[in-house]
Each structure stands twice: as C-alpha cells, then as structure tokens.
Amino acid sequence: MRSLLVIDQRTANEVAAAVPLPDQLSKKQTPKCLLECYGYQVLRTSDEKKAVLHMGSTDAVILHLPLNEAKQWGTRLLKQKTVPMLWWCSAATASLSSAFCEDDVPVDGILTPSMSEQELHWALHFGSKQCFERLQWMNERKQLEGRLEERKWIDMAKGILCKIKNISEAEAYDVLRKQAMNERKRMVDVATSIVKVYQILQDQK
C-alpha cells in the first residue's frame, strides 16, 4: 500500500468554529506532509470529481474530515472502488465530530498526527485487512439474501402446487425439480413463473 488519496474539505462548521484549515496547521500535522515523509505517494484533494478520477490508482483513502462528512465521502467513493477508508483524527476533525460519534461511518481504521512511521504503517495494514473482511462479509450477506429470496419463491410455488394438485410438499418439490430439468432452467425461475401466473389468474377472478 503506497498510493494514498487524502480528502480535505473545509466545512461551514469549521468556518463558524474558526477552526484552522489544514494548510494553516503546523506542517508536520497535515496528513499529506506526514504521509509523504514516511514514503507514501499522496494526492490531496477536496474536489469530488478529482477524487473519483484518482480512485483507480488509489490503495487507500484518508478522510481528513469531520465524521459526518467522512460518512458522505466514504459512501460516494466506495461506489467507485473498494479500498480501505481511514479517518484522520486531528484536533480539528475530532472537535467537530463529537455529535456524530455514534453514526455508522464506513471507516476501517483511524490515523492520528502523533503516530510514528511504524504505528502508521500498522494502522494502514490492519485497516486494509478490515476493509477486505468487510467486503467478504458483504458478499456473503448478499449471497445469503439471494438464497433466502430464492427459497421464498420456491416455497410459494410449492404451496400453489400443493393446493392445485392436492399433493404433499415433497411431491411439489419433485414437480418443480423435474420441470426445471426439462426446461433447463433454475428451479427458482420455474417457481417464479408459477407464482406469477397463479397471481395473474387469481386477479382475473
């Protein structure tokens, strides 16, 4: 992980609170400067179009924003590419985030200006691990939801066949399975067709 995208953006809250811009902070405290000192290639932007453009070559995104904005940016950028999202917790971003600490923010780790090179390296490493574990969990969840949806259609079709043909659930399942084999279709597709045709016939009564 060498190429990092840092998102900095001044907010209305920052202006109201007179919180200094990252450029006005001690140079050693800015994420771009610190990360570059540790050997990372860093692109910094506050422009969404530029951020989206550079997502293809980015290994991780560092969100130097209050948590509510980190959530908005993270959600938008993750639609482009799945990469680790880490929150840069500086004094400025922390002070503006207390009201949002319970929000579901899509971040995989936290970086701070006080981290040593080794600490920052390990934080990025574990953030990357967390990101891909989250991706795996989301894929597994999507597959499970898909199987549950298929099961729903199959159970509905079995119920219809049981009612119409006066057969048991096991026999209805066999009917579905044989029909799917004959038509060279998935069982759920046959089941969906049966349910939809039955619903149309019921509506016409």
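The values are calculated or read from the model by the stated rules, or taken from the named source; none is laboratory data. Here the structure is a predicted model, which is why all the values come from computation and not from measurement. Cβ atoms come from the backbone with ideal geometry, glycine included; neighbour counts cover every protein chain shown. Side chains included, ligands, DNA and RNA excluded: accessible areas come from the protein's heavy atoms. Shrake-Rupley method; radii C 1.70, N 1.55, O 1.52, S 1.80 Å.
Being open to solvent by 90 Å² or more (accessible area, probe 1.4 Å), in a helix (DSSP H, G or I), under 30 Å from GLN29 (Cβ atoms) and of a type in the set (Lys, Arg) holds for only one residue in LYS129, LYS163, LYS142, and it is LYS129.
VAL190 falls short on exactly one of the conditions (1) among the β-branched types (Val, Ile, Thr); (2) within 30 Å of GLY39 (Cα to Cα); (3) open to solvent by less than 50 Å² (accessible area, probe 1.4 Å), and that condition is (2). Residue count for the range 24-46 under the criterion of being over 19 Å from ALA70 (Cβ atoms) and either open to solvent by 70 Å² or more (accessible area, probe 1.4 Å) or modelled with pLDDT under 50 (or both): the result is 6.
Test LYS152 against the stated conditions and say whether it is in a helix (DSSP H, G or I), of a type in the set (Lys, Arg), open to solvent by 50 Å² or more (accessible area, probe 1.4 Å) and modelled with pLDDT of 95 or more.
yes
Table: residues versus (1) over 30 Å from THR75 (Cβ atoms); (2) out of contact with any helix residue (DSSP H, G or I) (no Cβ under 6 Å at 6 or more places or on another chain); (3) not small (Gly, Ala, Ser).
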{"residue": "VAL107", "(1), (2), (3)": "no, yes, yes"}
{"residue": "SER114", "(1), (2), (3)": "no, yes, no"}
{"residue": "GLN118", "(1), (2), (3)": "yes, yes, yes"}
{"residue": "CYS131", "(1), (2), (3)": "no, yes, yes"}
{"residue": "ARG134", "(1), (2), (3)": "no, yes, yes"}
{"residue": "LEU148", "(1), (2), (3)": "no, yes, yes"}
{"residue": "LEU161", "(1), (2), (3)": "yes, no, yes"}
{"residue": "ARG186", "(1), (2), (3)": "yes, yes, yes"}
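Can you find a residue that is modelled with pLDDT under 85, out of contact with any Asp or Glu (no Cβ under 9 Å at 6 or more places or on another chain), in a loop (DSSP other than H, G, I, E, B) and surrounded by 16 or more Cβ atoms within 10 Å (Cβ to Cβ) anywhere in the range 47-69? Looking for residues that are modelled with pLDDT under 85, out of contact with any Asp or Glu (no Cβ under 9 Å at 6 or more places or on another chain), in a loop (DSSP other than H, G, I, E, B) and surrounded by 16 or more Cβ atoms within 10 Å (Cβ to Cβ), one finds none in the range 47-69, hence no.
Only residues that are open to solvent by less than 70 Å² (accessible area, probe 1.4 Å) and of a type in the set (Phe, Trp, Tyr) were counted in the range 84-126, giving 3. Tell me, please, whether a residue that is over 19 Å from LEU65 (Cβ atoms) and modelled with pLDDT of 90 or more can be found in the range 101-108. Checked the range 101-108: no residue is over 19 Å from LEU65 (Cβ atoms) and modelled with pLDDT of 90 or more.
Quick grid of which residues meet (1) over 35 Å from the mean Cα position of the chain (by Cα); (2) within 30 Å of GLY109 (Cα to Cα); (3) touching a residue at least 60 places away in the same chain (Cβ under 8 Å):
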residue	(1), (2), (3)
ASN139	no, yes, no
LYS158	yes, no, no
SER168	yes, no, no
SER193	no, no, no
